[in-house]
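Here's the structure, in structure tokens; my notes come after.
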Amino acid sequence: MVQDISYIEQESISISYETNQTHTTSLILHEHEVFEIYYLTKGKRYMWVDGNNYIINAGDIILIPSNKKHATKSYGTEPHSRIVVNFHKQYINNLLHDMKELDLISIFYPNEKVFTLPLSQRQEVERIFVNIQKELTCALPGYSIAIRLNLLSLLLILVRKKEYIKDVNKTKKASVNYMERIIEFINVNYQEKLDLNTLSDLFFINPSALSRSFRKYTGVNFSEYVNNKRITEAKQLLKNTDISIMEICASTGYNNLPYFEKTFKAHIGLSPSKYRTSVKNGE
């Protein structure tokens, strides 16, 4: 995995840049007291915030209030680059007090918001991020004031450009229910370690309730659905590629070759090697 991360922190604000050339396998649900501005400059990502899940694209900014559980993960194998700014409210409290006519921090409430910026606005926003990074790095006299002013400029742009906010409610209505989102997640991430506890954390559903609802919705239990998906993908790889069975085992979410071979044979009636031979020979 080719990954480049830079992180700078001063007082009550931090900025981090990340460029990742391959998909990330870990997904850590977390929360913190600071506010977060997450800006995706390249690629596509899954984002979960407080039980809501989004697909964000290059040029999207998501504002995450303090103390909201959230996580992010690669969308397939597409590389990505992102910038994240975290700050405590008190970092800009004094300036906010002098701006009584406009409460900039209110843009974070009551829930997270996703902005899709046009190219012209993206360039302006990216200049602000660069300015914040330079001020944090150089720490010249007055850098703290400069950072605060840049942060306020960014928030002011977003407050003024509410038309760029994605209609999250419309997105939610377009999905029949949360179970479709869970199944979509499994279908994209079948190669990762999946269990009911992980999904219950991501989608804020009790594991037992999720298990019951999943079986009712799909007609099979969670483990059976995941195995069916993995075996289906393994069949395609055996049929259409020449990569080794060990590699197919790993790329379809099985970390144990004997278990993969046993599971495959239970589903198909043939071992992976015999299945590959039979499809190659047109049997």
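The values are calculated or read from the model by the stated rules, or taken from the named source; none is laboratory data. Quick caveat: nothing in here was measured; it's all calculated off a predicted structure. Don't worry about glycine lacking a Cβ; one is built from the backbone with ideal geometry, like all the others, and counts go over all protein chains shown.
Here are the numbers for the structure shown:
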| item | result |
| --- | --- |
| Among the residues listed as TYR17, TYR7, the single one being more than 26 Å from TYR164 (Cα to Cα) and modelled with pLDDT of 80 or more | TYR7 |
| Every residue from the stretch 70-93 that is in contact with a helix residue (DSSP H, G or I) (Cβ under 9 Å, 6 or more places away or on another chain), among the charged types (D, E, K, R) and surrounded by 16 or more Cβ atoms within 10 Å (Cβ to Cβ) | LYS73 |
| Any hit, the stretch 59-67, residues being acidic (Asp, Glu) and more than 24 Å from ILE8 (Cα to Cα) | no |
